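First comes the structure, then the notes that go with it.
The values are calculated or read from the model by the stated rules, or taken from the named source; none is laboratory data. Owing to the predicted nature of the structure, the values given are computational and were not obtained by experimental measurement. With ideal geometry, Cβ positions are generated from the backbone for all residues, glycine too; neighbour counts draw on all protein chains shown. To get the accessible areas, we keep the full protein, side chains included, count just its heavy atoms, and leave off ligands, DNA and RNA. Shrake-Rupley method; radii C 1.70, N 1.55, O 1.52, S 1.80 Å.
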Amino acid sequence: AAPGAAAGPGLGRWRLEAVEVPAAGLSAPGLSPDAAITVIPSGPIADAVVAALSSEGLRATAADAPDDKTDVVLFVGGLSPADPLAAQRQAFLAARAVAGRFASDAVAAPLFVTVQDTGGDFGLSGSEHAWVGGLPGLIKTLAQEWPRVSCRAIDLALEGRELSDAAAALVAELLAGGPELEIGLTHDGRRLALVSVPAEVQPTEAQLGPRSVVVASGGAKGVTAHTLVALAQRYGGRYALLGRTPLEDEPAAAVGQADEASLKRALLQDARAHGQTPSPAELGRAVQRVLGMREIRDTLARIEAAGGQARYHAVDVTDTAALSALLDTVRTDWGPITGLIHGAGVLADKLVADKTPEQFDRVFDTKVRGLEALLTATGSDPLDTIVLFSSVAGRCGNRGQADYAMANEVLAKVAALEQRRRGAGCVVKALQWGPWEAGMVTPQLKAHFAAQGVPLIGLDAGAAMLVDEVADRSGQTELVLGGEPRMAPLMSEPGHDGLTLRLRTHRRSHPYLADHQVAGTPVVPVVFALEWFARAAAAYRPDLSLQGFREVKVLRGIQLHGFDNGGDWFDLSVREVSNGTGSVLALELRGLDKVLHYTALADLVPQLSPAPPGPPRPRLDPVEDGTIYDGDVLFHGSDFQVIRSLEGASDEGLAATLTSTAGTTWGAEPWRTDPAALDGGLQLALLYSARVLGGASLPMGLDAMRTFRRGPPTGPLRAVLRGERRGRDKTVTDIVFTDEGGNVVHELRGVQAILLPS
């Protein structure tokens, strides 16, 4: 990203976009027939969701808190809450209540989901329900603190939906939407994911000027103070700085003591001279009070020296009445308030399991109730500039900072709402800063950030970035400034964990499998295992494209005994075994009973390789007209009868015209491969085996599948099978698929068909 000349090396600027993504047909683990699901809080919405889950054969109850038997928490309190801030606190308490249970092995596949209504795009378009928008901050933090727990944040737009329809849409997403951490479901049926996009700042002319009156919470100390000095240098103006520290005269003993150590010695000697013996904590607080007052006075002096005017006011920014009374005095002296900068914030870093409700309230309320009070107290002022100091922790989550991440997410969503309400006449920014090169960043921590590729924002660089942002009229409101936002802990070690996804098959979700039966029971074709593997690989590495599979093994075929009765459930696991310019993934398909059915290696690449030339045609003899699907060699029902015609056959091979998946009635799923055509190729392998071995067989594995396009082509395909090896009860063949233009689109190598006992 090119954030402008003001930024330092490695620093960038990212805006947030909502992009439409298809449902994957897979889900995060957690839901299963045996899972105990608690829908929180109780009420009409929870009752509708419980009914929708029950209709799918799942066990769910509505309650106001999870109990010691809860396996899945589905928090729906973000849908039309009477008190949005209290609802988010309840979500935190629910997470805290199950933290110990979910961290243990007591739950096989724990799942924690929050559901809100901020328009289906997580408030980017300025939802009226923006104040409930902090729930994804909790989810993104839990995903880092609970590595074995599946966590999801869903934005479900209720507009125009009956409760039963909304509940059905939610359950459909949970069962077969996808594994995304954040997903939005709009009222018009779109499915949206969030992506961070590099964007250049476009400064023009700011609204700020010499006559501006800016109220800045938390603006007297720290990085916020440094940015205010830069604003005063550039635009002048008058600044009312709000903070919690009372501005008093220093103790006489502190005068002339410049550094912290000498100050501590002087205050200790003074206390002892007066017969007092302060504890180390009390002495530390006394030192920090003195240093805090000095910093406030220094900020005031620097703003004045830069060409602005500045005053400091001690006030609790969450106290609306006290804040309103204070701002009346500001208006009396300086006139209407035209700018608002909310930089106040505190931290109380602890894991959710250890964080107290009081700590949550202190962190969350300072940011969120502070903003609420500031907007209320300036409700009649002609604001033309609103800048909210947020954090990249809101965008990405961060271990130990669930409250802080939630609060900063709320700020970002409220900023979008304020921008929509106020229009182009007001510049509104929610700046999600990365770590600054100040404050808590010790030399050791700085070195660790550097090793992780996380750049630090220098004070001058950050201040210059803010100066540019207040003059940016692009309408870009929610912005990450600093390093590229990563959905992983800032302090995490490099390397990838595996991913597990869940799949349910039944007649409603996969009706075409009814035409793939053996002895009256639907069975899963190997090509569907590959299709599901392809979807899992795409979920794990969406930045790469599938070139193909190799070492595909059918260890135990899958019979769908629950096809008409609740469905059959499976887990797909993905693990990266090597990477470089691409990636090699190891994939497994298991039942919930842990029985292993299929394995394969997937080759992923940045860009698909060009298709090779078509193979030489084997010598083929004409084929007499006859029934292809005889119910013996080819047992397939109508939905799997994809061989249109046989062009020729011999002991060297076969050639045929096939229907691609796009030409079937299987539905508009997000096909990653072409299972219809690939199954047609395997059917040719069975026909070939019958010809050379004299009986029916089943495909039991293949060496490799390669594809040279994403998804199925729209027209018919031509398949040419060449026999490579055969024994007494086994054939090995290669099959190449070409489109109507003669281009190779897929290859199957080393297809193994095993002769069945008579």
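Take ASP564 and tell me if it is of a type in the set (Asp, Glu), at pLDDT below 95 and under 19 Å from the mean Cα position of the chain (by Cα). Give the derivation first.
Numbers: of a type in the set (Asp, Glu): yes; at pLDDT below 95: yes; under 19 Å from the mean Cα position of the chain (by Cα): no.
No.
Over 26 Å from PRO522 (Cβ atoms), among the hydrophobic types (A, V, I, L, M, F, W, C) and either in contact with a Phe, Trp or Tyr (Cβ under 9 Å, 6 or more places away or on another chain) or outside any strand (DSSP E or B) (or both) - does that describe any residue in region 641-664?
Yes, region 641-664 has at least one match.
Looking at SER125, SER150 in this structure, which one is open to solvent by 10 Å² or more (accessible area, probe 1.4 Å), among the polar types (S, T, N, Q) and in contact with a Leu (Cβ under 6 Å, 6 or more places away or on another chain)? Don't jump to the end; show me each part of the working.
Values: SER125 fails: in contact with a Leu (Cβ under 6 Å, 6 or more places away or on another chain).
None of the others qualify; the one that does is SER150.
If only one of GLU248, GLU282, GLU260 is within 30 Å of THR329 (Cα to Cα) and charged (D, E, K, R), which one is it? Write out each step before concluding.
Values: GLU282 fails: within 30 Å of THR329 (Cα to Cα); GLU260 fails: within 30 Å of THR329 (Cα to Cα).
Among GLU248, GLU282, GLU260, only GLU248 is within 30 Å of THR329 (Cα to Cα) and charged (D, E, K, R).
One line per residue, one yes/no per condition, for (1) within 30 Å of ARG234 (Cα to Cα); (2) in contact with a strand residue (DSSP E or B) (Cβ under 8 Å, 6 or more places away or on another chain); (3) assigned to a helix (DSSP H, G or I):
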{"position": "ASP361", "(1), (2), (3)": "no, no, yes"}
{"position": "PHE364", "(1), (2), (3)": "no, no, yes"}
{"position": "ILE386", "(1), (2), (3)": "yes, yes, no"}
{"position": "PHE389", "(1), (2), (3)": "yes, yes, no"}
{"position": "ASN408", "(1), (2), (3)": "yes, yes, yes"}
{"position": "ALA415", "(1), (2), (3)": "yes, yes, yes"}
{"position": "ALA424", "(1), (2), (3)": "yes, no, yes"}
{"position": "VAL428", "(1), (2), (3)": "yes, yes, no"}
{"position": "MET465", "(1), (2), (3)": "yes, yes, yes"}
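Collect the residues in region 594-616 that are part of a loop (DSSP other than H, G, I, E, B) and either more than 26 Å from ASP739 (Cβ to Cβ) or acidic (Asp, Glu) (or both), keeping them in residue-number order. Outline the logic, then answer.
Filtering region 594-616 for residues part of a loop (DSSP other than H, G, I, E, B) gives 594-595, 606-616.
Within region 594-616, LYS594, VAL595 meet the criteria.
Restrict the check to region 568-582 and report whether at least one residue is assigned to a helix (DSSP H, G or I), open to solvent by less than 10 Å² (accessible area, probe 1.4 Å) and aliphatic (A, V, I, L, M). So that I can check it myself, show each step before the final result.
Within region 568-582, the first condition is being assigned to a helix (DSSP H, G or I), and the residues that meet it are none.
Within region 568-582 (the criterion being assigned to a helix (DSSP H, G or I), open to solvent by less than 10 Å² (accessible area, probe 1.4 Å) and aliphatic (A, V, I, L, M)), the answer is no, since none of the residues qualifies.
Can you name every residue in region 167-200 that is open to solvent by less than 40 Å² (accessible area, probe 1.4 Å), at pLDDT 95 or above and assigned to a loop (DSSP other than H, G, I, E, B)?
Result: THR186, ALA199.
For region 584-601, give me each residue that is of a type outside the set (Gly, Ala, Ser), open to solvent by 10 Å² or more (accessible area, probe 1.4 Å) and under 24 Å from the mean Cα position of the chain (by Cα).
Listed by number, the residues that qualify are VAL584, GLU588.
Go through region 201-222 and report how many residues are open to solvent by 50 Å² or more (accessible area, probe 1.4 Å), outside any loop (DSSP other than H, G, I, E, B) and among the β-branched types (Val, Ile, Thr). Break it down stepwise before answering.
Pass one, region 201-222, residues open to solvent by 50 Å² or more (accessible area, probe 1.4 Å): 202-205, 207, 210-211, 221.
Going one step further and asking which of them are outside any loop (DSSP other than H, G, I, E, B), we end up with 203.
Now drop any that are not among the β-branched types (Val, Ile, Thr), which leaves none.
So the answer is 0.
Does ALA52 qualify as being open to solvent by 20 Å² or more (accessible area, probe 1.4 Å), in contact with a helix residue (DSSP H, G or I) (Cβ under 6 Å, 6 or more places away or on another chain) and at pLDDT 95 or above?
Values: open to solvent by 20 Å² or more (accessible area, probe 1.4 Å): no; in contact with a helix residue (DSSP H, G or I) (Cβ under 6 Å, 6 or more places away or on another chain): yes; at pLDDT 95 or above: yes.
For ALA52, the condition - open to solvent by 20 Å² or more (accessible area, probe 1.4 Å), in contact with a helix residue (DSSP H, G or I) (Cβ under 6 Å, 6 or more places away or on another chain) and at pLDDT 95 or above - is not met.
Name the residues in region 667-694 that are in a loop (DSSP other than H, G, I, E, B) and either touching a Ser or Thr at 6+ places or on another chain (Cβ under 7 Å) or open to solvent by less than 10 Å² (accessible area, probe 1.4 Å) (or both), would you? Spell out how you get there, then give the answer.
If we filter region 667-694 for residues that are in a loop (DSSP other than H, G, I, E, B), which is where we start, we get 667-674, 694.
Of everything in region 667-694, those that are in a loop (DSSP other than H, G, I, E, B) and either touching a Ser or Thr at 6+ places or on another chain (Cβ under 7 Å) or open to solvent by less than 10 Å² (accessible area, probe 1.4 Å) (or both) turn out to be TRP671, THR673, ASP674.
Based on this model, can you work out whether LEU658 counts as free of Cβ contacts under 8 Å to residues at least 60 places away in the same chain, hydrophobic (A, V, I, L, M, F, W, C) and open to solvent by less than 40 Å² (accessible area, probe 1.4 Å)?
Values: free of Cβ contacts under 8 Å to residues at least 60 places away in the same chain: no; hydrophobic (A, V, I, L, M, F, W, C): yes; open to solvent by less than 40 Å² (accessible area, probe 1.4 Å): yes.
In short, no.
So that you can scan it fast, the table gives a plain yes or no per residue for (1) in contact (Cβ under 8 Å) with a residue 60 or more places away in the chain; (2) in contact with a Lys or Arg (Cβ under 6 Å, 6 or more places away or on another chain); (3) of a type in the set (D, E, K, R):
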residue	(1), (2), (3)
ASN408	yes, no, no
ARG421	yes, no, yes
ALA447	no, no, no
VAL454	no, no, no
LEU459	yes, no, no
ALA464	yes, no, no
GLU469	yes, yes, yes
ARG473	yes, no, yes
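Restricting attention to region 55-78, report how many residues are surrounded by fewer than 24 Cβ atoms within 10 Å (Cβ to Cβ) and among the aliphatic types (A, V, I, L, M).
Of the residues in region 55-78, 5 are surrounded by fewer than 24 Cβ atoms within 10 Å (Cβ to Cβ) and among the aliphatic types (A, V, I, L, M).
Looking at (1) in contact with a His (Cβ under 9 Å, 6 or more places away or on another chain); (2) of a type in the set (Gly, Ala, Ser); (3) at positive phi, which one does SER217 not meet, given that it meets all the others?
Single failed check for SER217: (3).
Would you check if SER164 is open to solvent by less than 20 Å² (accessible area, probe 1.4 Å), among the polar types (S, T, N, Q) and either outside any helix (DSSP H, G or I) or within 27 Å of PRO33 (Cβ to Cβ) (or both)?
Values: open to solvent by less than 20 Å² (accessible area, probe 1.4 Å): no; among the polar types (S, T, N, Q): yes; either outside any helix (DSSP H, G or I) or within 27 Å of PRO33 (Cβ to Cβ) (or both): yes.
Answer is no for this residue.
Return the residues of region 231-243 that are surrounded by 22 or more Cβ atoms within 10 Å (Cβ to Cβ) and either within 14 Å of VAL470 (Cβ to Cβ) or of a type in the set (Phe, Trp, Tyr) (or both); say none if nothing qualifies.
LEU231, ALA232, TYR235, GLY237, TYR239
So which pairs qualify, if the first residue must be in region 95-107 and within 15 Å of CYS151 (Cα to Cα) and open to solvent by less than 10 Å² (accessible area, probe 1.4 Å), the second must be in a loop (DSSP other than H, G, I, E, B) and of a type in the set (Gly, Ala, Ser), the Cβ gap must be under 8 Å, and the two must be at least 6 apart or on different chains?
ALA99/ALA353
So ARG15 fits all but one of (1) among the charged types (D, E, K, R); (2) outside any strand (DSSP E or B); (3) surrounded by 15 or more Cβ atoms within 10 Å (Cβ to Cβ); what number is the exception?
(2)
Taking into account only those residues within region 313-361 that are without any contact (Cβ under 8 Å) to a residue 40 or more places away in the chain and under 23 Å from PHE92 (Cα atoms), which is surrounded by the fewest Cβ atoms within 10 Å (Cβ to Cβ)?
GLU358
Being over 24 Å from ALA377 (Cβ atoms) and not in a helix (DSSP H, G or I), is that true of even one residue in region 239-248?
Pass one, region 239-248, residues over 24 Å from ALA377 (Cβ atoms): 248.
Keeping just the survivors that are not in a helix (DSSP H, G or I) gives 248.
Among the residues of region 239-248, at least one is over 24 Å from ALA377 (Cβ atoms) and not in a helix (DSSP H, G or I), which makes the answer yes.
Give the residues of region 91-115 that are out of contact with any helix residue (DSSP H, G or I) (no Cβ under 7 Å at 6 or more places or on another chain) and part of a loop (DSSP other than H, G, I, E, B), sorted by residue number.
Correct list: SER104, ASP105, ALA106, ALA108, ALA109.
Given ARG148, ARG152, which one is assigned to a strand (DSSP E or B) and touching a residue at least 40 places away in the same chain (Cβ under 8 Å)? Even if it seems obvious, please write down each step before you answer.
On the way: ARG148 fails: assigned to a strand (DSSP E or B).
Result: ARG152 is the single residue among ARG148, ARG152 that is assigned to a strand (DSSP E or B) and touching a residue at least 40 places away in the same chain (Cβ under 8 Å).
Tell me whether region 483-495 contains one or more residues that are at pLDDT 95 or above, crowded, with 21+ Cβ neighbours inside 10 Å and of a type outside the set (A, V, I, L, M, F, W, C). If you could, list the steps in order and put the result at the bottom.
Of region 483-495, the ones at pLDDT 95 or above are none.
Checked region 483-495: no residue is at pLDDT 95 or above, crowded, with 21+ Cβ neighbours inside 10 Å and of a type outside the set (A, V, I, L, M, F, W, C).
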